[in-house]
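What follows is calculated from the coordinates using simple rules that are stated; it is not laboratory data. This one's a predicted model, so the numbers in the text were calculated from it and none came from an experiment. When we count neighbours, we look across all protein chains shown, and the Cβ atoms used for this are built from the backbone with ideal geometry, even at glycine.
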Amino acid sequence: MHAADLMSKRADLTPDRIALVELETGRRFTYAELNARANRLANFMQEKLGVGNGDRVSILAKNSITYIDLFYGLPKIGAIFAPFNWRLTANELTFMIKDLEPKVLICEPDFVPTLEEMRAHIDVEHFVSLRGAEIEGAINYGGVESAPNSEPELPLLDAESPYCILYTSGTTGYPKGAVIPHRQILYNCLNTVASWGLTEYDISPVYTPLFHAGGLFAFFTPLLYLGGRIILAREFDAAASLQWILEEGCTVILGVPTLFQMWIDSDYFEEADFSNVHFFISGGAPCTPKLMNAWREKKGIIFRQGYGLTEVGANCFSMTDEDSIPKTGSVGKPIFHSKMRIVEPETGQEVSVGESGELLIWGPHVCSGYWQNPEATDESIKDGWFYTGDMAHKDEAGFYYIDGRYKDMIKSGGENIYTAEVEAVYKKHPAIKDAALIGKAHEKWGEVGLMIMIIEEGQQVTEDELKSFVLESLAKYKIPKEVIIADSLPYSAYGKVEKGNLREKYL
């Protein structure tokens, strides 16, 4: 079992169907054309650059058709797709490149300065210039177009063969390369199609970066597996993206909380007609019930909350349209080919219904481990169970709720304070747009909470008013000792507040 022939098989089944629309250029590609491009990429890499089974190929670029070439072409010769987050600094990328040792690094003009900064510190056999990037000694990506479009000879592959390597954000230390095997690619497609009710008639936009698991696996690979259509954007623009959603007839929409807030704040939102959309789903970070309900009230749409991780796939839970409102705040029930447990982190014993514990995930959609890091692999995967590090609980009906990171915790006077719980209460206040809690050293208590928040435009709130509001839901020891009102919060590409940046700024 392998996933190297996913595009060639789909191209055989529906060759003339439009598979991809690239918004930047307006080009429309059929499945047959995408497969021909993937074949040319594979043959170019193999014949011109000597890329073979097990070699890593990386890219430093924004979204474009090149990602699709690489994602579906490299597996045809057993090579491993390993994209890099272009938002990272040269130092961060240098660590990853030294760890990964890619044979090929593709780069576009925007990131040539970053490449030049780290060039003396990395050892890459081939550099490839994309979109005319001026890179000394590089080969032009345009050579792919003249490569043969015949199917290359497939090497011996199986379910555990690495398909891609995706680096985690490294919020708790050095980044780790999650090894995504062929079986994980297949089962992510199967799980999503079986549990989310997708069909070959569905159309979905991809605005999120394709260096990230969410961009690759939430809708992109499942829909192309099924025979649907992807609308690919190079970058995100709030008003323009809403227009494209409507003009292209998109039916299922993935976003992160930041995007949904930007959409609802955009001038085009009021006139947007979403009657063609089956459902919206938010992932990457918790989406507040306040924001979800605002979308429902203004547009009468189906809105769900999703959950996933690089190591276990972007789609781990599901719920029906009917459950999406009464179960607001829940991520749903475990997806089709999957098992979940919630355990007490210290003892490993399963907790009772309603109690919070660490979420464990088992199934064929769990990664193989971390690239050249057996210690991290053994720490995260035990007897096939992936220890997510996320705290969760489930209700009597079997619906799961994510309570925050187990390690994102403040220990104050011997008491554990989970930041997500406190943040969720503050976000319920109508004046608060977003809030993030970090720990601050304290001589008496060891650590106390420092809340940084941003206020809704036109709103005001005092610290005393906030204390009265949160006292209804939080024990006194959980209430932050200090509150700072900021102009903005630092967000990752997937809408998560980057607390490391907050600690640097405020501590």
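Miscellaneous remarks
- Whole-percent P(r), segment 176-230, all Cα pairs, 10 Å bins from 0: 24, 56, 19, 1.
- D_trans [Stokes-Einstein, Kirkwood Rh over alpha-carbon pairs] for segment 362-405, 10 °C, 1.306 mPa s, µm² s⁻¹: 132 µm²/s
- Quotient of the Cα radius of gyration of segment 6-184 and 2.2 N^0.38 Å, N being its number of residues: 1.02.
- Computed helical MRE - 222 nm, the chain, DSSP H runs ≥ 4 contributing -39500 (n - 2.57), nearest 500: -8000 deg cm²/dmol
- Normalised Debye scattering of segment 409-506 at q = 0.11, 0.18 Å⁻¹ gives log10 I(q)/I(0) of -0.30, -0.83, counting only Cα atoms as equal scatterers and leaving out solvent.
- Computed with the Debye formula from one identical point scatterer per Cα of segment 289-444, without solvent, the log10 of I(q)/I(0) at q = 0.09, 0.11, 0.21 Å⁻¹ comes to -0.35, -0.52, -1.42.
- Charged side chains reduced to their Cβ positions (Lys and Arg at +1, Asp and Glu at -1) give the chain a dipole of some 340 debye around its Cα centre.
- Full-extension gain in nm, Glu101 to Asp383, via 0.36 nm per residue minus C-alpha separation: 98.6 nm
- Whole-Å distance, taken between Cα centres, linking segment 474-503 and segment 31-49: 46 Å
- Within the straight-line cut-off of under 29 Å between alpha carbons, the lysines reachable from Lys76 are Lys9, Lys48, Lys62, Lys98, Lys103, Lys176, sequence neighbours fewer than 8 places apart in one chain being disregarded.
- R0 of 45 Å, Cβ-Cβ distance Asn501-Ser150: FRET efficiency to nearest 0.05: 0.40
- Where only C-alpha atoms are counted, convex hull volume of segment 8-66 per residue in Å³: 98 Å³
- Annotation for Ala285 and Glu125: the two label points, set 7 Å from Cα along the Cα-Cβ direction, are 4.0 nm apart.
- In the chain, taking the dipole from charged Cβ atoms about the Cα centre, the farthest positive-side position among Pro205, Cys367, Ala441 is held by Cys367.
- In Å, descending, principal axis extents of the Cα set of the chain: 70, 50, 43
- Per-pair calculated FRET efficiency, R0 = 35 Å: Ala159 and Glu247 via Cβ, rounded to 0.05: 0.30
- Of the residues Ile139, Leu74, Ala159, the one whose Cα sits farthest toward the positive end of the charge dipole of segment 6-184, with +1 on the Cβ of Lys and Arg and -1 on the Cβ of Asp and Glu, is Ala159.
- Here the residues Ser356, Ser150, Ser275, ranked from fewest to most Cβ neighbours within 10 Å of their Cβ, fall in the order Ser275, Ser150, Ser356.
- With 23 Å as the limit, the listed pairs Lys481/Lys505; Lys440/Lys496; Lys339/Lys499; Lys327/Lys427 have Lys339/Lys499 beyond it between alpha carbons.
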